[in-house]
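The values are calculated or read from the model by the stated rules, or taken from the named source; none is laboratory data. Values in this document were obtained by computation on a predicted structure and should not be read as measured data. Here Cβ is always computed from backbone atoms with ideal geometry, including for glycine, and neighbour counts include all displayed protein chains. Heads up: the accessible areas ignore ligands, DNA and RNA and are worked out on the full protein's heavy atoms, side chains in. Shrake-Rupley method; radii C 1.70, N 1.55, O 1.52, S 1.80 Å.
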Number of protein chains: 2
Amino acid sequence: MKRLVFVAVVTMAAGLSSAQAETLPLPDGVISLATPQGAAMLFGAEANTDYFPLSIHFTTQDNPAYCGPATIAMVLNALNVPRPASDMTLGLGMFDQNNIFTTAAEAVKPASSIVNPPYGMTIDEFGGVLAAHNLEVEVVHAADSDLETFRKTAIAQLEDNDHFILVNYLRKSIGQESGGHISPLGAYDQDTDRFLILDVTRYKYPPIWVEAAALFDAMNTTDSANGGKTRGYVSVSR
Amino acid sequence: MKRLVFVAVVTMAAGLSSAQAETLPLPDGVISLATPQGAAMLFGAEANTDYFPLSIHFTTQDNPAYCGPATIAMVLNALNVPRPASDMTLGLGMFDQNNIFTTAAEAVKPASSIVNPPYGMTIDEFGGVLAAHNLEVEVVHAADSDLETFRKTAIAQLEDNDHFILVNYLRKSIGQESGGHISPLGAYDQDTDRFLILDVTRYKYPPIWVEAAALFDAMNTTDSANGGKTRGYVSVSR
Ligand SMILES: [Ca+2]
Ligand SMILES: [Ca+2]
Ligand SMILES: [Ca+2]
Ligand SMILES: [Ca+2]
(Lines give C-alpha, C1' and ligand atoms only; values in the text may rest on other atoms or scores of the structure.)
(Ligands and ions follow the chains in the order given, each with its own letter.)
Protein backbone atom coordinates (compact mmCIF):
# COMPACT_ATOMS: atom_id res chain seq x y z
CA MET A 1 0.00 0.00 0.00
CA LYS A 2 1.49 3.31 -1.08
CA ARG A 3 0.71 6.37 0.91
CA LEU A 4 1.53 10.01 0.57
CA VAL A 5 2.59 11.15 4.01
CA PHE A 6 2.86 14.69 5.30
CA VAL A 7 4.58 14.91 8.65
CA ALA A 8 5.12 18.18 10.42
CA VAL A 9 6.57 18.81 13.84
CA VAL A 10 3.85 19.39 16.37
CA THR A 11 4.46 22.69 18.07
CA MET A 12 4.31 22.23 21.81
CA ALA A 13 3.95 25.41 23.79
CA ALA A 14 3.41 26.01 27.47
CA GLY A 15 -0.26 26.34 28.28
CA LEU A 16 -1.40 24.48 25.18
CA SER A 17 -1.07 21.00 26.58
CA SER A 18 -4.63 20.87 27.91
CA ALA A 19 -7.23 19.75 25.42
CA GLN A 20 -9.59 22.38 26.84
CA ALA A 21 -7.09 25.23 26.73
CA GLU A 22 -9.01 27.09 24.07
CA THR A 23 -12.28 27.60 25.89
CA LEU A 24 -12.82 29.04 29.37
CA PRO A 25 -12.57 26.74 32.39
CA LEU A 26 -15.92 25.25 33.32
CA PRO A 27 -17.27 25.99 36.79
CA ASP A 28 -17.87 23.18 39.26
CA GLY A 29 -21.32 21.74 38.94
CA VAL A 30 -21.70 21.66 35.15
CA ILE A 31 -20.67 18.80 32.85
CA SER A 32 -19.39 19.24 29.29
CA LEU A 33 -21.13 17.22 26.59
CA ALA A 34 -17.67 16.62 25.09
CA THR A 35 -16.56 14.34 27.94
CA PRO A 36 -17.22 10.61 28.40
CA GLN A 37 -19.61 11.45 31.25
CA GLY A 38 -21.45 14.10 29.25
CA ALA A 39 -21.71 11.85 26.20
CA ALA A 40 -23.06 8.98 28.31
CA MET A 41 -25.67 11.33 29.74
CA LEU A 42 -26.90 12.16 26.22
CA PHE A 43 -27.14 8.47 25.33
CA GLY A 44 -29.05 7.83 28.55
CA ALA A 45 -31.14 10.99 28.43
CA GLU A 46 -34.84 10.46 29.10
CA ALA A 47 -35.76 13.32 26.69
CA ASN A 48 -33.48 13.91 23.71
CA THR A 49 -35.69 14.16 20.63
CA ASP A 50 -34.78 17.81 20.08
CA TYR A 51 -31.05 17.19 20.28
CA PHE A 52 -30.82 15.85 16.73
CA PRO A 53 -32.62 18.52 14.67
CA LEU A 54 -30.85 21.21 16.70
CA SER A 55 -27.35 19.71 16.74
CA ILE A 56 -27.28 19.28 12.96
CA HIS A 57 -27.80 23.06 12.76
CA PHE A 58 -25.53 23.99 15.67
CA THR A 59 -23.79 27.30 15.03
CA THR A 60 -21.53 29.90 16.62
CA GLN A 61 -22.86 33.39 17.30
CA ASP A 62 -21.43 35.88 14.79
CA ASN A 63 -20.56 38.54 17.37
CA PRO A 64 -20.67 38.91 21.16
CA ALA A 65 -24.23 40.32 21.13
CA TYR A 66 -25.73 37.71 18.80
CA CYS A 67 -26.66 34.79 21.05
CA GLY A 68 -30.30 35.53 20.22
CA PRO A 69 -29.93 35.57 16.41
CA ALA A 70 -27.75 32.43 16.48
CA THR A 71 -30.38 30.62 18.53
CA ILE A 72 -33.16 31.81 16.21
CA ALA A 73 -31.26 30.60 13.11
CA MET A 74 -30.77 27.15 14.67
CA VAL A 75 -34.41 26.83 15.65
CA LEU A 76 -35.84 28.04 12.33
CA ASN A 77 -33.68 25.46 10.56
CA ALA A 78 -34.62 22.74 13.05
CA LEU A 79 -38.32 23.55 12.57
CA ASN A 80 -37.93 23.30 8.79
CA VAL A 81 -39.41 26.74 8.34
CA PRO A 82 -39.05 27.46 4.59
CA ARG A 83 -35.52 28.78 4.25
CA PRO A 84 -34.19 31.73 2.26
CA ALA A 85 -32.31 30.47 -0.80
CA SER A 86 -29.17 32.03 -2.21
CA ASP A 87 -26.44 31.35 -4.73
CA MET A 88 -24.18 30.47 -1.81
CA THR A 89 -26.51 27.58 -0.99
CA LEU A 90 -27.01 26.36 -4.56
CA GLY A 91 -30.53 27.73 -4.71
CA LEU A 92 -31.44 25.72 -1.63
CA GLY A 93 -31.94 27.50 1.67
CA MET A 94 -30.55 27.90 5.16
CA PHE A 95 -31.29 30.39 7.90
CA ASP A 96 -28.28 32.30 9.18
CA GLN A 97 -27.75 35.22 11.55
CA ASN A 98 -28.27 37.77 8.78
CA ASN A 99 -31.23 36.46 6.82
CA ILE A 100 -33.38 35.86 9.90
CA PHE A 101 -33.88 39.63 9.88
CA THR A 102 -36.81 39.76 7.51
CA THR A 103 -38.84 42.95 7.27
CA ALA A 104 -41.22 41.61 9.89
CA ALA A 105 -38.36 40.67 12.21
CA GLU A 106 -36.64 44.04 11.77
CA ALA A 107 -39.88 45.73 12.77
CA VAL A 108 -39.69 43.95 16.14
CA LYS A 109 -35.95 44.35 16.78
CA PRO A 110 -33.59 45.81 14.18
CA ALA A 111 -30.36 43.88 13.76
CA SER A 112 -28.39 47.14 14.13
CA SER A 113 -29.86 47.76 17.58
CA ILE A 114 -28.60 44.42 18.88
CA VAL A 115 -24.96 45.40 18.44
CA ASN A 116 -25.39 48.71 20.25
CA PRO A 117 -26.00 49.38 23.97
CA PRO A 118 -27.54 47.80 25.92
CA TYR A 119 -26.52 45.01 23.47
CA GLY A 120 -28.34 41.81 22.68
CA MET A 121 -32.05 41.08 22.95
CA THR A 122 -34.42 40.82 25.89
CA ILE A 123 -36.45 37.64 26.16
CA ASP A 124 -39.50 39.57 24.94
CA GLU A 125 -37.68 40.91 21.88
CA PHE A 126 -36.35 37.41 21.22
CA GLY A 127 -39.86 35.95 21.37
CA GLY A 128 -41.12 38.76 19.17
CA VAL A 129 -38.56 38.08 16.44
CA LEU A 130 -39.45 34.39 16.48
CA ALA A 131 -43.16 35.24 16.25
CA ALA A 132 -42.39 37.50 13.27
CA HIS A 133 -41.51 34.29 11.42
CA ASN A 134 -45.15 33.13 11.68
CA LEU A 135 -44.46 30.77 14.56
CA GLU A 136 -46.40 30.04 17.69
CA VAL A 137 -44.31 31.45 20.53
CA GLU A 138 -44.77 31.50 24.29
CA VAL A 139 -42.48 33.63 26.45
CA VAL A 140 -42.44 32.75 30.14
CA HIS A 141 -40.70 35.01 32.63
CA ALA A 142 -39.25 32.88 35.42
CA ALA A 143 -40.94 35.00 38.10
CA ASP A 144 -44.28 33.97 36.60
CA SER A 145 -43.38 30.25 36.72
CA ASP A 146 -41.63 27.86 39.10
CA LEU A 147 -39.09 25.06 38.91
CA GLU A 148 -41.67 22.27 38.70
CA THR A 149 -43.59 23.96 35.91
CA PHE A 150 -40.43 24.73 33.96
CA ARG A 151 -39.09 21.19 34.32
CA LYS A 152 -42.37 19.60 33.25
CA THR A 153 -42.83 21.96 30.29
CA ALA A 154 -39.25 21.60 29.11
CA ILE A 155 -39.25 17.79 29.31
CA ALA A 156 -42.49 17.54 27.35
CA GLN A 157 -41.19 19.86 24.65
CA LEU A 158 -37.78 18.16 24.46
CA GLU A 159 -39.58 14.86 23.89
CA ASP A 160 -42.06 15.96 21.24
CA ASN A 161 -41.61 16.59 17.52
CA ASP A 162 -43.32 19.96 17.50
CA HIS A 163 -41.79 22.29 20.07
CA PHE A 164 -38.37 23.59 20.92
CA ILE A 165 -37.48 25.27 24.19
CA LEU A 166 -34.97 28.10 24.49
CA VAL A 167 -33.57 29.63 27.65
CA ASN A 168 -32.52 33.14 28.67
CA TYR A 169 -30.37 33.05 31.81
CA LEU A 170 -27.64 34.87 33.69
CA ARG A 171 -24.34 33.10 33.14
CA LYS A 172 -22.71 34.19 36.40
CA SER A 173 -25.56 32.53 38.31
CA ILE A 174 -24.19 29.16 37.13
CA GLY A 175 -20.56 30.24 37.59
CA GLN A 176 -19.83 31.21 33.99
CA GLU A 177 -18.51 34.48 32.52
CA SER A 178 -20.86 36.37 33.00
CA GLY A 179 -23.86 38.25 31.58
CA GLY A 180 -27.30 37.43 30.18
CA HIS A 181 -27.36 34.71 27.56
CA ILE A 182 -29.73 32.86 25.21
CA SER A 183 -29.34 29.31 23.82
CA PRO A 184 -31.49 26.28 22.98
CA LEU A 185 -32.00 23.26 25.23
CA GLY A 186 -31.17 19.93 23.60
CA ALA A 187 -32.03 17.21 26.14
CA TYR A 188 -32.96 16.28 29.70
CA ASP A 189 -31.41 13.56 31.86
CA GLN A 190 -33.76 12.40 34.58
CA ASP A 191 -31.16 10.51 36.60
CA THR A 192 -29.20 13.68 37.29
CA ASP A 193 -32.08 16.16 36.83
CA ARG A 194 -30.01 18.10 34.32
CA PHE A 195 -30.72 19.91 31.07
CA LEU A 196 -28.30 20.13 28.15
CA ILE A 197 -27.67 23.69 26.93
CA LEU A 198 -26.40 23.89 23.33
CA ASP A 199 -24.42 27.07 24.05
CA VAL A 200 -24.02 29.12 20.86
CA THR A 201 -20.92 30.93 22.20
CA ARG A 202 -18.89 27.97 21.05
CA TYR A 203 -15.52 29.74 21.42
CA LYS A 204 -16.27 30.30 25.09
CA TYR A 205 -17.91 27.13 26.42
CA PRO A 206 -18.87 23.66 25.17
CA PRO A 207 -22.47 22.44 25.50
CA ILE A 208 -23.11 21.74 29.19
CA TRP A 209 -25.37 19.69 31.39
CA VAL A 210 -26.71 21.93 34.16
CA GLU A 211 -28.99 21.05 37.07
CA ALA A 212 -32.61 22.04 36.52
CA ALA A 213 -32.73 24.04 39.76
CA ALA A 214 -29.52 25.91 38.94
CA LEU A 215 -30.83 26.74 35.47
CA PHE A 216 -34.15 27.92 36.84
CA ASP A 217 -32.37 30.15 39.36
CA ALA A 218 -30.23 31.59 36.54
CA MET A 219 -33.40 32.37 34.58
CA ASN A 220 -35.07 33.86 37.65
CA THR A 221 -32.81 36.91 37.58
CA THR A 222 -33.78 40.45 36.63
CA ASP A 223 -32.82 41.92 33.27
CA SER A 224 -32.08 45.64 33.62
CA ALA A 225 -32.54 46.04 29.86
CA ASN A 226 -36.09 44.71 30.19
CA GLY A 227 -37.55 46.97 32.86
CA GLY A 228 -36.37 44.71 35.65
CA LYS A 229 -38.45 41.76 34.46
CA THR A 230 -36.91 38.34 34.96
CA ARG A 231 -35.32 36.21 32.26
CA GLY A 232 -36.98 32.86 31.52
CA TYR A 233 -37.82 30.40 28.78
CA VAL A 234 -39.44 30.45 25.37
CA SER A 235 -41.41 27.67 23.67
CA VAL A 236 -41.75 27.71 19.92
CA SER A 237 -43.59 25.59 17.35
CA ARG A 238 -44.89 26.02 13.82
CA MET B 1 -48.93 31.79 36.32
CA LYS B 2 -48.92 34.75 33.97
CA ARG B 3 -47.53 34.30 30.52
CA LEU B 4 -46.92 36.56 27.61
CA VAL B 5 -48.18 34.70 24.58
CA PHE B 6 -47.43 35.43 20.95
CA VAL B 7 -49.59 33.47 18.58
CA ALA B 8 -49.29 33.78 14.85
CA VAL B 9 -51.09 31.89 12.15
CA VAL B 10 -48.93 29.13 10.76
CA THR B 11 -48.63 29.53 7.04
CA MET B 12 -49.38 26.24 5.35
CA ALA B 13 -48.31 25.98 1.76
CA ALA B 14 -48.31 23.09 -0.65
CA GLY B 15 -44.98 21.33 -0.69
CA LEU B 16 -43.96 22.51 2.75
CA SER B 17 -45.75 19.83 4.70
CA SER B 18 -42.83 17.41 4.68
CA ALA B 19 -40.32 17.90 7.47
CA GLN B 20 -37.55 17.22 4.96
CA ALA B 21 -38.84 19.59 2.32
CA GLU B 22 -35.90 21.95 2.72
CA THR B 23 -33.08 19.55 1.92
CA LEU B 24 -32.76 17.23 -1.07
CA PRO B 25 -34.40 13.79 -0.97
CA LEU B 26 -32.04 11.14 0.37
CA PRO B 27 -31.23 8.21 -1.90
CA ASP B 28 -32.18 4.69 -0.90
CA GLY B 29 -29.48 3.03 1.10
CA VAL B 30 -28.43 5.90 3.37
CA ILE B 31 -29.95 6.76 6.77
CA SER B 32 -30.27 10.30 8.13
CA LEU B 33 -28.87 10.90 11.62
CA ALA B 34 -31.94 13.07 12.26
CA THR B 35 -34.33 10.11 12.29
CA PRO B 36 -35.16 7.74 15.16
CA GLN B 37 -33.24 4.97 13.37
CA GLY B 38 -30.22 7.19 12.72
CA ALA B 39 -30.18 8.48 16.28
CA ALA B 40 -30.39 4.95 17.68
CA MET B 41 -27.44 3.97 15.50
CA LEU B 42 -25.34 6.75 17.03
CA PHE B 43 -26.26 5.65 20.54
CA GLY B 44 -25.39 2.07 19.65
CA ALA B 45 -22.33 2.90 17.57
CA GLU B 46 -19.27 0.78 18.35
CA ALA B 47 -16.94 3.74 17.60
CA ASN B 48 -18.22 7.24 18.32
CA THR B 49 -15.51 9.05 20.29
CA ASP B 50 -14.93 11.54 17.49
CA TYR B 51 -18.60 12.42 17.13
CA PHE B 52 -18.60 14.73 20.15
CA PRO B 53 -15.59 17.00 19.51
CA LEU B 54 -16.64 17.27 15.85
CA SER B 55 -20.37 17.79 16.35
CA ILE B 56 -19.86 20.66 18.80
CA HIS B 57 -17.99 22.42 15.97
CA PHE B 58 -20.29 21.31 13.14
CA THR B 59 -20.57 24.03 10.52
CA THR B 60 -22.02 24.78 7.07
CA GLN B 61 -19.68 25.40 4.17
CA ASP B 62 -19.61 29.12 3.28
CA ASN B 63 -19.96 28.61 -0.47
CA PRO B 64 -20.47 25.69 -2.88
CA ALA B 65 -16.70 25.10 -3.29
CA TYR B 66 -15.80 25.22 0.40
CA CYS B 67 -16.45 21.69 1.68
CA GLY B 68 -12.70 21.41 2.28
CA PRO B 69 -12.28 24.63 4.28
CA ALA B 70 -15.41 23.86 6.35
CA THR B 71 -14.05 20.41 7.17
CA ILE B 72 -10.64 21.85 8.06
CA ALA B 73 -12.19 24.46 10.39
CA MET B 74 -14.18 21.75 12.20
CA VAL B 75 -11.16 19.51 12.63
CA LEU B 76 -8.77 22.22 13.79
CA ASN B 77 -11.32 23.22 16.44
CA ALA B 78 -11.92 19.60 17.42
CA LEU B 79 -8.17 19.04 17.76
CA ASN B 80 -7.87 22.11 19.98
CA VAL B 81 -5.21 23.56 17.75
CA PRO B 82 -4.54 27.05 19.21
CA ARG B 83 -7.21 29.22 17.66
CA PRO B 84 -6.99 32.68 16.11
CA ALA B 85 -8.54 35.23 18.47
CA SER B 86 -10.57 38.24 17.39
CA ASP B 87 -12.80 40.94 18.81
CA MET B 88 -15.75 38.99 17.45
CA THR B 89 -14.83 36.12 19.77
CA LEU B 90 -14.12 38.24 22.86
CA GLY B 91 -10.37 37.73 22.52
CA LEU B 92 -10.87 33.97 22.58
CA GLY B 93 -10.44 31.98 19.41
CA MET B 94 -12.25 29.85 16.87
CA PHE B 95 -11.22 28.56 13.48
CA ASP B 96 -13.53 29.49 10.64
CA GLN B 97 -13.44 29.15 6.86
CA ASN B 98 -11.51 32.39 6.45
CA ASN B 99 -8.90 32.32 9.18
CA ILE B 100 -7.76 28.77 8.38
CA PHE B 101 -5.94 30.40 5.45
CA THR B 102 -2.76 31.31 7.26
CA THR B 103 0.29 32.29 5.21
CA ALA B 104 1.48 28.69 5.29
CA ALA B 105 -1.94 27.40 4.18
CA GLU B 106 -2.21 29.97 1.40
CA ALA B 107 1.16 28.80 0.11
CA VAL B 108 -0.31 25.32 -0.38
CA LYS B 109 -3.70 26.33 -1.79
CA PRO B 110 -4.83 29.94 -1.99
CA ALA B 111 -8.38 30.54 -0.84
CA SER B 112 -9.09 32.47 -4.03
CA SER B 113 -8.21 29.47 -6.19
CA ILE B 114 -10.80 27.29 -4.47
CA VAL B 115 -13.69 29.41 -5.73
CA ASN B 116 -12.45 29.35 -9.32
CA PRO B 117 -12.38 26.47 -11.82
CA PRO B 118 -11.90 23.59 -11.34
CA TYR B 119 -13.39 24.63 -7.94
CA GLY B 120 -12.71 23.08 -4.55
CA MET B 121 -9.65 21.20 -3.38
CA THR B 122 -8.16 17.87 -4.35
CA ILE B 123 -7.49 15.41 -1.54
CA ASP B 124 -3.78 16.22 -1.82
CA GLU B 125 -4.36 19.97 -1.53
CA PHE B 126 -6.70 19.31 1.38
CA GLY B 127 -4.05 17.26 3.17
CA GLY B 128 -1.46 19.90 2.39
CA VAL B 129 -3.51 22.70 3.95
CA LEU B 130 -4.03 20.60 7.08
CA ALA B 131 -0.29 19.87 7.25
CA ALA B 132 0.39 23.62 6.95
CA HIS B 133 -1.20 23.89 10.39
CA ASN B 134 1.65 21.85 11.91
CA LEU B 135 -0.37 18.66 12.05
CA GLU B 136 0.53 15.08 11.27
CA VAL B 137 -1.43 14.22 8.13
CA GLU B 138 -1.73 11.05 6.09
CA VAL B 139 -3.47 11.13 2.71
CA VAL B 140 -4.55 7.75 1.34
CA HIS B 141 -5.82 7.44 -2.22
CA ALA B 142 -8.44 4.70 -2.35
CA ALA B 143 -6.66 2.95 -5.22
CA ASP B 144 -3.69 2.47 -2.88
CA SER B 145 -5.87 0.94 -0.14
CA ASP B 146 -8.79 -1.48 0.10
CA LEU B 147 -12.08 -1.74 1.96
CA GLU B 148 -10.68 -3.82 4.82
CA THR B 149 -7.77 -1.45 5.41
CA PHE B 150 -10.00 1.61 5.26
CA ARG B 151 -12.55 0.12 7.64
CA LYS B 152 -9.91 -0.95 10.17
CA THR B 153 -8.09 2.39 10.02
CA ALA B 154 -11.25 4.46 10.27
CA ILE B 155 -12.67 2.50 13.21
CA ALA B 156 -9.41 2.80 15.16
CA GLN B 157 -9.25 6.52 14.54
CA LEU B 158 -12.93 7.11 15.33
CA GLU B 159 -12.35 5.36 18.67
CA ASP B 160 -9.18 7.13 19.77
CA ASN B 161 -8.64 10.58 21.24
CA ASP B 162 -5.86 11.59 18.88
CA HIS B 163 -6.92 11.16 15.27
CA PHE B 164 -9.74 12.31 13.07
CA ILE B 165 -10.58 10.79 9.71
CA LEU B 166 -11.92 12.77 6.77
CA VAL B 167 -13.28 11.45 3.49
CA ASN B 168 -13.18 12.67 -0.11
CA TYR B 169 -15.78 10.87 -2.21
CA LEU B 170 -17.98 11.19 -5.27
CA ARG B 171 -21.53 11.98 -4.18
CA LYS B 172 -23.25 10.44 -7.21
CA SER B 173 -21.63 7.11 -6.38
CA ILE B 174 -23.86 6.96 -3.26
CA GLY B 175 -26.87 8.40 -5.11
CA GLN B 176 -26.49 12.02 -4.03
CA GLU B 177 -26.22 15.23 -6.09
CA SER B 178 -23.52 14.89 -7.41
CA GLY B 179 -19.81 15.84 -7.54
CA GLY B 180 -16.70 15.33 -5.44
CA HIS B 181 -17.11 16.15 -1.76
CA ILE B 182 -15.15 16.31 1.51
CA SER B 183 -16.50 15.91 5.06
CA PRO B 184 -15.46 14.38 8.40
CA LEU B 185 -16.52 10.95 9.67
CA GLY B 186 -18.16 10.99 13.09
CA ALA B 187 -18.85 7.36 14.03
CA TYR B 188 -19.02 3.71 12.96
CA ASP B 189 -21.82 1.25 13.64
CA GLN B 190 -20.63 -2.34 13.53
CA ASP B 191 -24.09 -3.92 13.41
CA THR B 192 -24.86 -2.27 10.09
CA ASP B 193 -21.25 -1.77 8.90
CA ARG B 194 -21.97 1.91 8.33
CA PHE B 195 -20.02 5.13 8.83
CA LEU B 196 -21.58 8.46 9.82
CA ILE B 197 -20.65 11.34 7.52
CA LEU B 198 -21.03 14.78 9.11
CA ASP B 199 -21.85 16.41 5.77
CA VAL B 200 -20.85 20.10 5.82
CA THR B 201 -23.30 20.98 3.01
CA ARG B 202 -25.99 21.25 5.63
CA TYR B 203 -28.50 22.99 3.35
CA LYS B 204 -28.31 20.03 1.00
CA TYR B 205 -28.23 16.88 3.12
CA PRO B 206 -28.34 15.90 6.79
CA PRO B 207 -25.56 13.76 8.30
CA ILE B 208 -25.95 10.25 6.93
CA TRP B 209 -25.06 6.69 7.79
CA VAL B 210 -23.57 5.03 4.70
CA GLU B 211 -22.38 1.47 4.23
CA ALA B 212 -18.61 1.07 4.46
CA ALA B 213 -18.40 -0.65 1.06
CA ALA B 214 -20.50 2.05 -0.62
CA LEU B 215 -18.35 4.77 0.90
CA PHE B 216 -15.16 3.05 -0.15
CA ASP B 217 -16.46 2.68 -3.70
CA ALA B 218 -17.36 6.41 -3.71
CA MET B 219 -13.80 7.23 -2.62
CA ASN B 220 -12.35 4.86 -5.20
CA THR B 221 -13.29 7.18 -8.07
CA THR B 222 -10.96 9.26 -10.20
CA ASP B 223 -10.67 13.02 -9.70
CA SER B 224 -10.06 14.75 -13.02
CA ALA B 225 -8.76 17.81 -11.15
CA ASN B 226 -6.07 15.64 -9.56
CA GLY B 227 -4.43 14.03 -12.59
CA GLY B 228 -6.88 11.16 -12.54
CA LYS B 229 -5.81 9.96 -9.12
CA THR B 230 -8.53 8.49 -6.95
CA ARG B 231 -10.22 10.22 -4.04
CA GLY B 232 -9.76 8.66 -0.61
CA TYR B 233 -9.35 9.39 3.09
CA VAL B 234 -7.18 11.58 5.29
CA SER B 235 -6.04 10.93 8.85
CA VAL B 236 -4.98 13.86 10.99
CA SER B 237 -3.55 14.26 14.48
CA ARG B 238 -1.52 16.85 16.39
CA1 LIG C 1 -30.67 9.03 32.16
CA1 LIG D 1 -39.51 19.00 20.75
CA1 LIG E 1 -24.17 -0.88 16.97
CA1 LIG F 1 -10.31 9.87 17.07
statement: Of the conditions (1) more than 15 Å from B:R231 (Cβ to Cβ); (2) away from ligand 3 (no atom under 16 Å from the Cβ); (3) assigned to a strand (DSSP E or B), the single one that B:R202 does not satisfy is (3)
query: Looking at segment A:109-141, which of its residues are touching a residue at least 40 places away in the same chain (Cβ under 8 Å), assigned to a helix (DSSP H, G or I) and away from every other protein chain (no Cβ under 11 Å)?
result: A:A111, A:I114, A:E125
query: On the given criteria, is A:R194 more than 16 Å from ligand 1 (Cβ to nearest atom), of a type in the set (D, E, K, R) and open to solvent by less than 40 Å² (accessible area, probe 1.4 Å)?
result: no
query: Within the set of pairs 6 or more residues apart or between chains, which connect a residue that is over 10 Å from B:I208 (Cβ atoms) inside segment B:25-45 to a residue that is among the β-branched types (V, I, T) with Cβ atoms less than 8 Å apart?
result: B:Q37/B:I31; B:M41/B:I31; B:M41/B:T192
task: Out of the residues in segment B:73-107 that are facing another protein chain (nearest Cβ under 10 Å) and in contact with a helix residue (DSSP H, G or I) (Cβ under 6 Å, 6 or more places away or on another chain), state the one that is surrounded by the most Cβ atoms within 10 Å (Cβ to Cβ).
output: B:F95
- request: Among the residues of segment B:155-198, count how many are in a helix (DSSP H, G or I) and either away from ligand 3 (no atom under 15 Å from the Cβ) or within 13 Å of chain A (Cβ to nearest Cβ) (or both).
  value: 7
query: Can you tell me which residue in segment A:46-72 is nearest to ligand 2 (Cβ to nearest atom), limited to those that are crowded, with 21+ Cβ neighbours inside 10 Å and more than 10 Å from chain B (Cβ to nearest Cβ)?
result: A:D50
message: I want to confirm something. Restricting to segment B:213-229 and keeping residues that are within 25 Å of B:L26 (Cβ to Cβ) and surrounded by fewer than 20 Cβ atoms within 10 Å (Cβ to Cβ), which single residue is farthest from the other protein chains (Cβ to nearest Cβ)?
response: B:A214
